Amino acid sequence: MGRSGSEGEFEPRIVAFCCNWCAYAGADLAGVSRIQYPPTVRIIRVMCTGMVDESYIMKAFEEGADGVLVAGCHPGDCHYISGNLKAEKEVERTKKLLDLIGIGSDRLRLEWISASEGEKFARVIREFTEQLKALGPSPLKRRRTATDGGSSMAAAVARGGPGSFAEEVLSGEFMWRCLGCYLCHSTCPGGLRIAELIRVARSEAPREQVDLMCAHGAVPLMWARMMANPALRPNKLASLPEGPDFGQKGDVYFFIGCAPLYDVEMEDLALGSTKAIASTIRILNALGIKPAISPDERCCGHDLLWTGDFEDFERLARMNVEAIRKSGAKLVITSCPECYRTLKVDYADLLGGLDFEVLHISEFLLKALEEGKLKFERELKRKVTFQDSCRLGRHMGIYEEPRKLLTAIPGLELVEMERNRAEAACCGMSSWLLCGEVSKRLQLERLKEARATGADQLVVGCHKCKIHFRCVQEEKLPPGYEDIKIPVVELVEILAEALGLDES
């Protein structure tokens with residue numbers, strides 16, 4: 001299947017996930033009946049479309065598909081009762097992601113095709129082919145480089161046979177267990193930066209292992225890799241509600257990161273990450289600031305950097321820095337600790353310095369509070385405790401700024417967990433890696449510690465901390481952890497509430 005026909009006409013690449021019982025049988029009927037349709041489709045036969053996770057669809061696009069078709073039994077005819085309805089939900093969620101990333105939801109199609117509808121299968125392929133021709137080739141094109149498949153050491157691992165100790169380490173789970181939380185940095189007598197060593201070692205591990213070690217089918221890594229392609233045009237700003245005032249030019253830039261995509265990917269958790277972004281913009285507006293946000297902004301690349309994909313990380317860094325420079329901003333504000341550390345430290349290291357300053361929102365707002373520009377008028381009669389995220393705390397040394405902001409709110413009482421500041425426990429995951437028993441135990445223990453304070457809310461300064469703590473509370477709780485449920489809110493949400501700016 002090529003990218004062009006005999007006369008140079010673009011021929012779309014279509015990947016079709018077809019259920020075994022109906023759609024695949026319909027495709028087979030079209031074939032034996034000699035019903036003609038364009039040879040643009042490659043069929044992947046699955047037992048049920050309910051098995052077609054969004055990661056399959058995203059991987060197809062990442063590998064260069066111009067369009068993806070999911071075809072299954074008509075509602076009510078599924079051999080597995082409701083598999084096709086599950087597929088419908090997955091497709092709708094994936095369409096939202098495709099729009100935000102910049103691929104476009106019109107490149108993904110869902111069809112109900114029975115075993116007797118060979119003509120319909122052929123018609124769908126004809127229609128979809130013409131639709132994709134009108135859209136043109138996907139902005140994504142599979143990049144194959146000398147590093148595909150990993151390093152020479154990784155290749156040796158893949159070949160099998162007796163391996164060295166280093167090869168055994170790089171080919172197992174060991175490389176992916178480190179949370180990068182920096183807790184070991186503060187206790188190592190030799191001052192070794194173990195997490196940094198692990199990060200470099202991951203670049204030597206077989207690349208095919210990365211996605212296997214990643215939660216959520218590695219979809220967050222996929223969208224980051226996709227956005228590293230300069231041909232893609234992200235559309236994250238489309239997710240922001242009307243009301244908050246921002247532009248594309250200005251002295252102050254607000255880096256929103258991947259928060260809008262988290263709301264789609266984790267929609268069952270009702271995170272409100274986009275709402276938190278809107279709250280931050282409203283707070284800046286209240287200070288007389290109309291922040292710049294570039295439509296060309298992409299994922300910061302944190303997760304790619306910490307899983308060893310330095311090549312795509314560098315692409316993202318250079319494109320994001322260029323987008324910020326075009327805005328004319330001299331100050332960049334982030335509300336995400338991972339974006340903060342990545343821009344301030346990793347971008348600066350990669351590019352030899354930056355010509356703009358990077359601040360976390362808590363640093364910026366504390367200065368405004370101390371200068372009398374920020375005043376909390378609303379009283380919040382509640383008790384809260386604060387989670388020090390690893391990137392904001394141990395990585396960047398930001399401990400007191402969030403606490404001073406919280407204690408400035410009338411009526412609010414801040415109580416500390418037993419482990420706090422430099423000794424705070426991690427939320428249990430980093431870069432979406434290995435969401436298993438160890439991660440869950442870390443999360444449960446931390447929530448138990450939060451509940452022990454008697455707090456009404458657990459305040460976090462990180463989107464991902466919120467995701468991980470909310471997620472584990474939605475699962476079946478093991479014995480001994482029945483009483484760990486506590487509302488989890490982001491720092492900017494509670495600050496906006498105290499300022500009377502929390503309206504939707």
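The values are calculated or read from the model by the stated rules, or taken from the named source; none is laboratory data. Bear in mind that the values here come from a model prediction, so they are computed numbers and not experimental data. Positions of Cβ are generated from backbone atoms using ideal geometry, with glycine treated the same way; all protein chains shown enter the neighbour counts. Keep in mind that these areas ignore ligands, DNA and RNA; they rest on the heavy atoms of the full protein, side chains included. Shrake-Rupley method; radii C 1.70, N 1.55, O 1.52, S 1.80 Å.
Listed values, structure above:
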{"quantity": "With every protein chain in place, the stretch 394-504: carbon and sulfur % of accessible area (1.4 Å)", "calculated": "49 percent"}
{"quantity": "Accessible carbon and sulfur surface of the stretch 1-134 relative to its total accessible area, %, 1.4 Å", "calculated": "51 percent"}
{"quantity": "Kyte-Doolittle mean at least 0.5, axial Cα span of 18 Å or more - DSSP H helices of the chain", "calculated": "273-286"}
{"quantity": "Members of 236/326; 275/375; 86/141; 95/236 lying beyond 23 Å, as alpha-carbon distances in this model show", "calculated": "86/141"}
{"quantity": "Burial ranking of peptide ranges 237-250, 331-344 (average Cβ count within 10 Å, highest at the top)", "calculated": "331-344, 237-250"}
{"quantity": "In nm, spacing of pseudo-spin labels at residue 105 and residue 413 (7 Å Cα→C-beta vector)", "calculated": "4.6 nm"}
{"quantity": "Cα shape, the stretch 349-504, gyration tensor, a/c 1.5 rule", "calculated": "oblate"}
{"quantity": "Ordering of 456-466, 375-385, 45-55 by burial proxy (mean other Cβ atoms within 10 Å per residue, highest first)", "calculated": "456-466, 45-55, 375-385"}
{"quantity": "Gained length - residue 85 relative to residue 318, 0.36 nm times residue gap less alpha-carbon distance", "calculated": "79.7 nm"}
{"quantity": "Rounded FRET efficiency, nearest 0.05, which uses the C-beta distance separating residue 63 from residue 354 and R0 of 35 Å", "calculated": "0.55"}
{"quantity": "Estimated vicinal HN-Hα couplings, Hz - the stretch 375-391 in sequence order (Karplus 6.51, -1.76, 1.60; Gly, Pro = x)", "calculated": "9, 8, 8, 8, 8, 10, 8, 7, 10, 10, 10, 10, 9, 7, 5, 4, 5"}
{"quantity": "Shape of the stretch 416-496, Cα gyration tensor, a/c cut at 1.5", "calculated": "rounded"}
{"quantity": "Long-range HN-HN contacts of residue 331 with modeled amide H, under 5 Å", "calculated": "253, 357"}
{"quantity": "Burial order of peptide ranges 200-206, 486-492 (average beta-carbon count within 10 Å, highest first)", "calculated": "486-492, 200-206"}
{"quantity": "Accessible surface, per residue, of the chain when the full set of protein chains is kept, probe 1.4 Å, Å²", "calculated": "42 Å²"}
{"quantity": "Extension gain from residue 285 to residue 238, taking 0.36 nm per residue of separation minus the Cα-Cα distance", "calculated": "15.0 nm"}
{"quantity": "Gyration tensor verdict on the stretch 264-347 (Cα atoms; rounded if a/c is under 1.5, prolate if a/b is larger than b/c, oblate otherwise)", "calculated": "oblate"}
